[in-house]
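**Student:** Dropping the structure in here first, questions after.
A short reminder: the numbers here are calculations on the coordinates, not readings from a lab. None of these values were measured; they are calculated from a predicted model.
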Amino acid sequence: MGARENDNRNEGLRLNGNEIQLAVKMLDKLEAMIDIIYYMMENENQQAFVLMLLTAKDTELSTLLDREKRDTDILLEIDKEEPLYAMLCQDTKVDGGYRFAERLIRNIQLDKGSDIYCIQLEIRATHYTPKQVILKLLETFAKSKLSNKSNEIVFRSLQ
């Protein structure tokens, strides 16, 4: 019992086997893309971007996300079984990303979707490695699910 209490006090990153497999998929699909966006931020005057992780059951999530995204947004399927999608929204700051997420959740609910989890990270600077950004996104997602924060937008900012 004592060890269990110690585990609960630890606020560090703890991932189960499925989450580690998810981390590998996310790193594989997102790392190079974030590198490119970082290049654009450093050399092409691109501003902050928002990286979103979204899952929902009982809805055609890929169709809905594809319909809602802008031309500059990049949508990636991370896990078909979950279903879990990442969307990178270029030149997007906290308020625009939040309003977009609100609209997505509302549309998923209108489509009778359930068990909706939406995590957003706003990245304003390039001093975090792409790997750190991706793992922070996954950590926030795992904590959100553990805390049953469904139908909420969990937002973090990396400055």
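**Student:** GNM on the chain, C-alpha springs below 10 Å: top fluctuator among 71, 115, 35?
**Tutor:** Top of the fluctuation ranking is 71.
**Student:** Project the alpha carbons of segment 19-63 onto their principal axes and report the range along each, largest first, in whole Å.
**Tutor:** 42, 24, 14
**Student:** Given that compact globular proteins tend to follow 2.2 N^0.38 Å, what is the ratio of the alpha-carbon Rg of segment 41-117 to that value?
**Tutor:** That works out to 1.13 for segment 41-117.
**Student:** Same structure, new question: Using only Cα atoms, what Kirkwood radius does the chain have, in angstroms?
**Tutor:** Radius from the Kirkwood sum: 16.2 Å.
**Student:** Can you give the three extents of the C-alpha atoms in segment 75-140 along their principal axes, from longest to shortest, in whole Å?
**Tutor:** 40, 28, 19
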